[in-house]
Amino acid sequence: MLFCLCLVPLLAWALDQPATPTEYWSQWRGPLATGAAPYSTPPIAWSETENIRWKVAIPGQGHASPIVWGDRVFVLTAIQTEASFAQEKPAAEEGGRSSNRWRPNPQKPSHVYRFEILALDRQSGAILWQRTARKEVPNAGTHQDGSWAPASPLSDGERVYAYFGSHGLYCYDMEGQALWSLDLGDMSTRYSFGEGSSPALHEDTIVVNWDHEEESFIVALDVRTGTERWRIARAERTSWSTPLIVDHAGRTQVIVNATNRIRSYDLASGEQIWECAGMTVNTIPTPVATDGIVYLMSGFRGNALLAIRLADAKGDITGTGSIVWSYDRDTPYVPSPLLYDDALYFLKGNNGILSSLDTKTGTEHFGPQRLKGIEGIYASPVGADSRIYITGRNGTTLVLKHSPKYEILSSNVLDDKFSASPAIAGNEIFLRGEHALYCIAQD
């Protein structure tokens, strides 16, 4: 009887986790969709001359995080076939005020790009195959710090899925043979900030969130054929959050963070299960979940963090007891949070300022704590082997101790800029820079 009772909390935890092998980083935010790699042991220290197994130049540009399955690493890129692009004139903000203070000029597309997926050998970095999914002029602009390959690929071990938003979703077998493709239309994003949401994968279903300035929707697709299983209209403007898929109490939910409403859908039917208000505009961070609680946050022109108990969530839960706790400061704009054991780590805006909260109560472990040597952050923090890895755009990665107390273990600098989030698998950490993909390992 004692053995059975001990299994109860373990099973409850497992029901709130995506079903994917924990030894691989097969999707955006890793095997548990939390940013943590529970069985990995990457290095603490590295430089351009230390603990670099390989460094491979990646053609073009992309902020898609790499993924790892088996002996392969997959990465997406957009390769400009011409040498330059035009700058779009900044538009005025609502009410006639200039938006130059906060909105960088987006890139106005004027040249053809090749949208490509690359498969690299995990041990050597050799490019095993490279496929051009589509070749065309981008349909719209993107943020000057953005790219036309922002979404992370996915793999289930049989197939790999390359998503380029307005430029299509493509399915290949593991050897690079094209299986199917799907064009969902052209997205029109707010102020031409560009696209950024990645698809989510659960067993035989892929879910794509399509929030933009026109007719927004969410769609579920069959992984074998790309055929639609359901499509639901959404009353949303542009958001960039990747859906979170969790099993809870025998039902699989798709939870989407967005500006107007947070919503949960039944994966099998698309039926809406619950909704909630409370986020800021320009919602980007992906939700995380464990132990029956889902955590959602955003941090542009305001701060919002909600901890929602799934067991109580039905209908409109705004202001109800389904919200276990909330927090209203120092939340992220672009980076998603890291959920690691009983701690929730998140950054303030796009800045090197870190906070850590207790997942059960929302009480502060530490923060807001300025991260020494970090200058600007788009990458999301990751965790492994009781350590936290935070990579800045200036090439510095801080490694912190996973602890209620703030403690730096190392500071590591590489000769590149990093906007893509790290991927961790085995004893390796993969960092995708503006110019190269690094495999960092202590062999």
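For the ranges 72-78, 122-128, what's the packing order if you count other beta-carbon atoms within 10 Å of each residue, average per peptide, and put the highest first?
72-78, 122-128
In whole Hz, what ³J(HN,Hα) sequence does the range 249-260 give by Karplus (6.51, -1.76, 1.60; θ = phi - 60°), x for Gly and Pro?
6, x, 10, 9, 10, 10, 10, 10, 7, 7, 5, 6
Label the range 163-317 by shape, choosing from rounded, prolate and oblate, from the square roots a ≥ b ≥ c of the eigenvalues of the Cα gyration tensor; if a/c is under 1.5 it is rounded, and otherwise prolate applies when a/b is larger than b/c, oblate when it is not.
oblate
Could you tell me the number of lysine pairs in the chain with C-alpha atoms less than 30 Å from each other, where the two lysines are 8 or more residues apart or belong to different chains?
Qualifying lysine pairs in the chain: 26.
Given a cut-off of under 8 Å on Cα pairs at least six residues apart, what relative contact order in percent is computed for the chain?
That works out to 16 percent.
Rounded to whole Hz and in sequence order, give me ³J(HN,Hα) for the range 374-389 from the Karplus expression 6.51 cos²θ - 1.76 cosθ + 1.60, θ = phi - 60°, writing x for Gly and Pro.
Values, residue by residue: 8, 10, x, 9, 10, 5, 8, x, 10, x, 6, 6, 6, 9, 10, 10 Hz.
For Trp210, Trp148, Trp230, what's the fewest-to-most ordering of other Cβ within 10 Å of each Cβ?
Final ranking by Cβ density, sparse to dense: Trp230, Trp210, Trp148.
Modelling each spin label as a point 7 Å along the Cα-to-Cβ direction, I'd like the Ile408/Ser326 distance in nm, to one decimal.
Computed distance between label sites Ile408 and Ser326 equals 3.6 nm.
What FRET efficiency do you get for Gln144 and Ala249 if R0 is 35 Å and r is their Cβ-Cβ distance, rounded to the nearest 0.05?
The value I calculate is 0.20.
Quick one: Thr290, Thr41, Thr225, fewest Cβ neighbours within 10 Å first, how do they rank?
Going from least to most buried by this count: Thr225, Thr41, Thr290.
Once you have the Cα-Cα distance between Asp222 and Val281, take 0.36 nm times their residue separation minus that, and quote the gain in nm to one decimal. Spell out each step's value before the answer.
Numbers: separation 59, 0.36 × 59 = 21.24 nm, distance 3.15 nm.
Stretched fully, the Asp222-Val281 segment lengthens by 18.1 nm.
Would you mind checking which residues have amide H under 5 Å from Ala313's amide H? H placed 1.01 Å from N; only 5 or more apart, or other chain.
So Ala313 has HN proximity to no qualifying residue.
Can you list residues from other chains, or at least 5 along the same chain, whose modelled amide H is less than 5 Å from the amide H of Gln27?
Those lying under 5 Å, H to H, from Gln27 are Val68.
FYI, it's all coordinate maths here, none of it is from the lab. What you are looking at is a predicted structure, and each value in this text was computed from that prediction instead of being measured. Here the Cβ is made from the backbone with ideal geometry for all residues, glycine too, and neighbour counts use every protein chain on show.
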